[in-house]
Ligand SMILES: [Mg+2]
């Protein structure tokens, strides 16, 4: 099989109503991606996820640096192609960030082609592990800009729908307001459902230490991204001092950075995101690393769950998957949760094919 054409795209899908966490405000979800065509008729689609900023730079990286490496090549040589792109012309200027997000889109498209050619959904092509589906928790009721009434209404509905639990955003200017919201959410959902909080890097070590300890009383399943993602030592201090496990990974770009976190005991739930770690090729290596450290995987859904449902279903250490339904309507086979479980995809590929109508409607580049 040979690659004949590579076509990048940028879609901006509206988020209604717009959301905020402690550091981001999003009106649209950006899908910067690529369609990879082959001489045997298989077309692979891959993408990365953004808050609709920087997409043009990611697309330019695909067009100028990665597409020329692919034409005429066999997509089944994905690991060789990944090496050629990762260690090629972009290596001098980008070993994370834009370069890795662009490479993620390309890599996912290649795995999509391979699974389609094998006539298997990706989770089976990778060697399935969870034939009964994957437990889901829901983040979409806990945004920082939700007034308290809406927050409580949404988390109650989520629990009623059967989700394993809810995640809510914290990181208000006054942590006492966070405390008040977490307390109210726990009272609303009761003792049983799991509850996570996500700081989105807003705290410093002292705030995290003080408020992490105070919030322990609400039986939190994890404390997510309390600090700057480059501060491994700070996360290690928190992991040692708090009775709430530390979760992170959505801003960690390489297996080497995950290794350092794991080696130092600074992460207790691994949230590796395929759209950041340069694709499925590297994600599988991070998953292997997590397995060796007995650290459970709960991927961050920068892909909105379309690809991660396959990866989680093929990974023994993946215990749960986040659910955010912002863009599910644009896919041919949307990620679907029923009674708190992801129903596993049946169509061949990585569930990345986009309904043509929405591809045209949301395309900005
Ligand atoms: Mg997060």
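Numbers at a glance
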{"item": "Scattering profile of segment 270-365 at q = 0.10, 0.11 Å⁻¹ [log10 I(q)/I(0), Debye over alpha-carbon scatterers]", "result": "-0.28, -0.33"}
{"item": "Nitroxide proxy distance, nm - points 7 Å out along Cα→Cβ at residue 118 and residue 172", "result": "4.9"}
{"item": "Interatomic Cα distance distribution for segment 109-156, bins of 10 angstrom, percent", "result": "22, 25, 19, 24, 11"}
{"item": "Cα point-scatterer Debye curve for the chain, base-10 log of I(q)/I(0) at q = 0.12, 0.15 Å⁻¹", "result": "-0.85, -1.33"}
{"item": "Helix axis angle, 148-160 relative to the chain longest principal axis, alpha carbon, degrees", "result": "70"}
{"item": "Residue order, fewest to most surrounding Cβ atoms within 10 angstrom, among 152, 227", "result": "152, 227"}
{"item": "Antiparallel bridges, percent of DSSP beta bridges restricted to segment 123-343 (to nearest 5)", "result": "20"}
{"item": "Mean separation of Cα contacts under 8 Å, 6 or more apart, over the residue count of the chain: relative contact order %", "result": "20"}
{"item": "Packing-based order for 140-150, 21-31, using average beta carbon neighbours within 10 Å, highest first", "result": "21-31, 140-150"}
{"item": "Degrees separating the helix 205-215 axis from the principal Cα axis of the chain, which is the longest one", "result": "60"}
{"item": "Rounded to 10°, Cα long-axis angle of helix 280-292 versus longest principal axis of the chain", "result": "40"}
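Here, each number is a calculation from the coordinates, and none is a lab measurement. These numbers were taken from a predicted model, which means no experiment stands behind them. As a convention, Cβ positions derive from the backbone with ideal geometry for all residues, glycine included, and neighbour counts pool all protein chains shown.
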